[in-house]
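Bear in mind these aren't lab numbers, they're just calculated from the coordinates by the rules spelled out. All values reported here derive from a predicted model rather than from experimental measurement. All Cβ positions, even for glycine, are placed from backbone atoms using ideal geometry, and neighbour counts span all protein chains on display.
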Amino acid sequence: MTLAILSQNRSYGEVQDRVRFVGHDGVFEIIFFVENEALELSAYKFADNEQGCLGVFDKARSSIECVANKLYSLRRDNMIVLTSADI
């Protein structure tokens, strides 16, 4: 099957400094995390707090989802962390 990211929901994990979102491969839930350092590399202005991270994530969502799809097709794990090396 292929990865589907149907929900626009995302959340910020302050302890890990990363944004979390969920995709699905059939009935399987795939958890994705985007590290703050990866968000800093985006073309959008970055503020290192929850509001800023979520705002940058929302603006760069389509490109982040493309990277998530690519990584999932390579790894097929149920949890994937997107780092600055991936972006």
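Determine the percent antiparallel among the DSSP beta bridges restricted to the chain, to the nearest 5. If you can, show how the numbers build up before the last one.
Values: 12 of 16 bridges.
So the antiparallel bridges in the chain amount to around 75 percent.
Cα axis of helix 61-75 to longest principal axis of the chain: angle in degrees, 0 to 90, nearest 10?
40 degrees
Report the paramagnetic label zone for residue 24: residues of region 52-76 whose backbone N is under 18 Å from a point 7 Å from Cα along the Cα-to-Cβ axis.
So the set is 69.
Using a Gaussian network for the chain with springs between C-alpha atoms less than 10 Å apart, which of these wobbles most: 27, 56, 67?
In the Gaussian network model the winner is 27.
Using a Förster distance of 35 Å, how high is the FRET efficiency between residue 59 and residue 79, based on the Cβ-Cβ distance and rounded to 0.05?
With R0 = 35 Å, the Cβ-Cβ based efficiency is 0.90.
Quick query: amide H of residue 24 versus all other amide H atoms, modeled in the peptide plane; which residues come in under 5 Å with a sequence gap of 5 or more or a different chain?
Answer set, sorted by chain and number: 4, 5, 6, 30.
Taking the 0 to 90 degree range and rounding to the nearest ten, how far is the long axis of helix 50-59 tilted relative to the main principal axis of the chain, both from C-alpha atoms?
Compared with the principal axis, the helix lies near 60 degrees.
Could you list, bin by bin from short to long, the percent of Cα-Cα pairs of the chain in 10 Å steps?
Bins of 10 Å from zero give 18, 55, 24, 2 percent of pairs.
Given the options 35, 14, 50, state which has the largest fluctuation in a GNM of the chain using a 10 Å cut-off (strictly under) for Cα springs.
Greatest mean-square fluctuation among the candidates belongs to 14.
Got the relative contact order for the chain handy, in percent, Cα pairs under 8 Å and 6 or more residues apart?
Numbers: 134 pairs, mean separation 25.7, N = 87.
29 percent.
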